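Before any comments, here is the structure.
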Amino acid sequence: METQRPSLPFRWTDAVSQNPMDVLDWILLAIRWGHALAAVSWVGGGIFYLMVLRPAIQQARGLPPETNRAIGVEFRGLVSTAIAVLLLTGVILSASRLTEDVVTSPYVAVLVVKIVLALYMFYVVRFMRQDSYPYPEEPELPDSRWQRLTSRITGTTALLVIGVLVIGLSDVLDGLLENALA
């Protein structure tokens, strides 16, 4: 005699038949994946650079200048591509979310903070650190208080911390949206 498994309260076939995804949903899903992949590539690359590559280079007592430059050029190419993808997909995803009926004021406030931080990162990499991102090592801090502050908030470590914060704000936005839908 064959035993029958108990029925689960949720079945994928029911979910798909009740709420099928249309083409636009699939496109938005692909855009969301591209956005997440670009963010993780930049921030993950920064984590690898700061926590693995730079210490290994220091332990090896440095690399030839050409190798250091080549690493910087390749990473900068990754970051430039990530910025382009993040800008394009971010505009599309923001427009998509902000046109939904369930958007709340806290959602908009967190989104604005996320966008401001992301734009700050883009600005620093594109205009303030054109030739030196990422740093082979953190530069010596200048003498003046203002120059020290500027150097700290535009350095590789600061951008990495801000990037992690931006990714965390994405999770906050997801939570706010889920609460609004509940």
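Against the test of being more than 16 Å from the chain's Cα centre (by Cα), farther than 24 Å from Leu160 by Cβ, of a type in the set (Lys, Arg) and surrounded by fewer than 14 Cβ atoms within 10 Å (Cβ to Cβ), the options Arg97, Arg61 yield a single qualifying residue, Arg61. Look at (1) under 30 Å from Ser96 (Cα atoms); (2) surrounded by 11 or more Cβ atoms within 10 Å (Cβ to Cβ); (3) modelled with pLDDT of 90 or more and you find that Arg76 fails only one, number (3).
Taking the numbered list (1) free of Cβ contacts under 8 Å to residues at least 24 places away in the same chain; (2) surrounded by 15 or more Cβ atoms within 10 Å (Cβ to Cβ) in turn, Val124 passes all entries but (1).
Just to be sure, is Val102 modelled with pLDDT under 95, β-branched (Val, Ile, Thr) and not in a helix (DSSP H, G or I)? Spelling it out, Val102 is indeed modelled with pLDDT under 95, β-branched (Val, Ile, Thr) and not in a helix (DSSP H, G or I).
Does Leu159 meet the test of being part of a helix (DSSP H, G or I), modelled with pLDDT of 75 or more, farther than 16 Å from Phe48 by Cα and not small (Gly, Ala, Ser)? Explain how you work it out, then say what you get.
Details: part of a helix (DSSP H, G or I): yes; modelled with pLDDT of 75 or more: yes; farther than 16 Å from Phe48 by Cα: no; not small (Gly, Ala, Ser): yes.
Here the answer is no, as Leu159 does not meet what is asked.
Residues checked against (1) within 30 Å of Arg69 (Cβ to Cβ); (2) of a type in the set (Val, Ile, Thr); (3) modelled with pLDDT under 55:
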{"residue": "Thr3", "(1), (2), (3)": "no, yes, no"}
{"residue": "Ser7", "(1), (2), (3)": "no, no, yes"}
{"residue": "Gln18", "(1), (2), (3)": "no, no, no"}
{"residue": "Val23", "(1), (2), (3)": "no, yes, no"}
{"residue": "Ile27", "(1), (2), (3)": "no, yes, no"}
{"residue": "Ile31", "(1), (2), (3)": "no, yes, no"}
{"residue": "Ala38", "(1), (2), (3)": "yes, no, no"}
{"residue": "Gly46", "(1), (2), (3)": "yes, no, no"}
{"residue": "Leu50", "(1), (2), (3)": "yes, no, no"}
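The values are calculated or read from the model by the stated rules, or taken from the named source; none is laboratory data. Please read these numbers as outputs of a predicted model, since none were measured by experiment. All Cβ positions, even for glycine, are placed from backbone atoms using ideal geometry, and neighbour counts span all protein chains on display.
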